[in-house]
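**Student:** Pasting a structure here, questions to come.
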Amino acid sequence: MDGLYSNRRSAGIAPGSVAAMKIFRIELDNEFEADVIASIFEEEKIPHNVVSHHSSAYDGLFQMTMGWGHIEIPEEFQEKAEGLMKNYKESLPE
């Protein structure tokens with residue numbers, strides 16, 4: 001699906017600055033989850049990049065093997081981000 005995250009969506013991380021910092025990744029299950037988590041991180045002022053594994057050229061092959069995508073955050077926000085992600089997952093109905 002070519003959606004909002006067909007490439008990258010950044011909030012608070014300047015282009016090119018990612019190479020200079022240690023990055024922590026959180027795997028995402030789908031575009032809806034990416035939207036929700038990105039909104040939570042924006043509210044909490046956690047800089048992040050949402051990265052989709054979709055590629056039109058390979059007709060979604062990477063998403064089938066690697067998952068929908070991930071969110072990258074600076075390592076210094078890892079503990080806070082993991083806590084927020086845990087709270088989000090626990091709030092979902094089973």
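**Student:** So, in nm, how far is label residue 78 from label residue 36 when the simple model puts each one 7 Å beyond its Cα toward the Cβ?
**Tutor:** Taking the two extended label points, one gets 2.5 nm.
**Student:** Among all the lysines, which ones have a C-alpha under 22 Å from residue 22's C-alpha, if same-chain residues fewer than 8 places away are not counted?
**Tutor:** Candidates past the 8-residue exclusion: 45, 80, 86.
Every read-out reported here was derived from the displayed coordinates using simple, explicitly stated rules and does not represent laboratory data. Since we're looking at a predicted model, the values are computed, not measured. Here the Cβ is made from the backbone with ideal geometry for all residues, glycine too, and neighbour counts use every protein chain on show.
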